[in-house]
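The values are calculated or read from the model by the stated rules, or taken from the named source; none is laboratory data. Computed from a predicted structure; not experimentally measured. Note that each Cβ is placed from the backbone with ideal geometry, even for glycine, and that neighbours are counted across all protein chains shown.
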Amino acid sequence: MNPLSSAITVLTAMITPAVLISACGSMILSTSSRLGRVVDRVRALSEKLEEISNQNESTELTRERQAAIFDQLDKLTSRARLLQRCMVTFYLSLGAFVATSVAIGIVAVLGSPGYTLAPVICGLIARCSFFMAACC
């Protein structure tokens with residue numbers, strides 16, 4: 001096999017995880033946007049709760065509104081924590097995809113068949129974590 005063909009084969013193998021790196025980046029972006037919307041909603045509800053609390057009237061309707069806001073804040077807190085865990089997992093997946101690409105290049109440079117398992121393990125970790133995050 002000539003050196004150019006070998007180099008092209010290695011570069012092609014290194015670029016393959018780049019497609020998944022791009023997909024991972026898209027998922028991070030959309031999850032970050034969702035988390036931002038949740039945080040904005042929490043801020044709006046907190047302001048509404050403060051506004052209701054500053055009113056001097058303590059009617060049944062006021063207490064019901066406060067209870068509804070507390071319930072919504074509880075759900076939004078759970079959602080924010082879930083989205084944070086998903087983002088951490090997406091970032092782990094992104095790092096593993098980059099490690100896979102780098103490992104492919106290192107194995108190609110070293111040329112030792114004993115190290116060929118490293119990119120496979122990195123790729124499996126990356127795909128498993130990406131799958132776990134996508135299922136959130």
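Taking each residue of the range 27-39 that is touching a residue at least 12 places away in the same chain (Cβ under 8 Å) and basic (Lys, Arg) and looking for partners that are in a helix (DSSP H, G or I) and surrounded by 13 or more Cβ atoms within 10 Å (Cβ to Cβ) with beta-carbon atoms closer than 8 Å, six or more apart or interchain, yields 34/83.
Once the range 54-97 is narrowed to residues that are touching a residue at least 60 places away in the same chain (Cβ under 8 Å) and surrounded by 16 or more Cβ atoms within 10 Å (Cβ to Cβ), the residue that is nearest to the chain's Cα centre (by Cα) is 90. Scanning the range 28-45 finds one or more residues that are part of a helix (DSSP H, G or I), farther than 24 Å from residue 130 by Cα and among the small types (Gly, Ala, Ser). Residue 23 falls short of the stated requirement of being in contact with a Cys (Cβ under 7 Å, 6 or more places away or on another chain), small (Gly, Ala, Ser) and surrounded by 15 or more Cβ atoms within 10 Å (Cβ to Cβ). Checked against (1) surrounded by fewer than 13 Cβ atoms within 10 Å (Cβ to Cβ); (2) modelled with pLDDT of 90 or more; (3) more than 27 Å from residue 8 (Cβ to Cβ), residue 41 meets all criteria but (1).
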